[in-house]
Amino acid sequence: MTPAGPRDESEFQRDDRNLAELLQELRVAGLGVQVLFGFLLGLPFTMRFATLSPAQRQLYMASLLLAALSTALLEDYVELIADLLQDAGEARPTDIARRLGVSHATAIKTIARLKRAGLATARPYRGVFLTEKGEAMAERVRIRHRLVVDVLCALGVPTESAEADAEGIEHHVSETTLKAFAHFLKSRR
C-alpha cells in the first residue's frame, strides 16, 4: 500500500475519488443533453450511418452512453433534493455532495445545471428547492424506482440489493418495460 497523501488517503483511494469526480464531471457536462441524446438515438436510422468507420461508431456509442448517464444524473439529483426536502426540510449543496459522494464544487455545478433546466431554484444561504417541473420529475423517478424495487423483490432479490440495483436500472427502463413490470406485479396479487 502506498503511503497516505495530504487527505490521509491511500493512492488507491485518491485514484478512486479522482475517477468518481471525473465521471461526475462528464455527466454534468453541457446543457441540452436530452436534445443531444434524442439526436444520437436517431442517427443509426440515417443512410450515412452505414458508412461510418469503426472508430466513428465507437465515438457514437461513447457519446450516446455519456448522454444517457447525464440524464440519469439529473434524475438522481432531483430525487435526492426531493428526499432531503421531505426528510430534513432543506436541501443544502453540502448535504447533496455528501450523500452522492461528490465534491462540493461538483454538486454546485450540477445544481446550476438543474437551475438552467428549470428543475430547481436556489437561494443564498437557504439551499436548493425544486420547481414544479422538478417536483414532477422527482415524483416520476420515485414511482419508477419503487416499481423496479418491487419487481426485483418479487423475483426474490433481497430488499437491500434491490434498492441498490434499482438505482442503476431505473434510469434505463423503457415505458413499455415499466408497464410490463406493473402488469407482472398486479398479476401476482
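Going by how many other Cβ atoms sit within 10 Å of their own, how do 106, 176, 131 line up, fewest first?
In order of increasing Cβ crowding within 10 Å: 176, 131, 106.
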Q) Taking other Cβ within 10 Å of each residue's Cβ, how do 177, 110 sort, fewest first? A) 177, 110
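No value in this document is a laboratory result; all are computed from the given coordinates. The structure presented is a predicted model; accordingly, all values stated were derived computationally and were not measured. Note: ideal-geometry Cβ built from the backbone for every residue, glycine included; neighbour counts use all protein chains shown.
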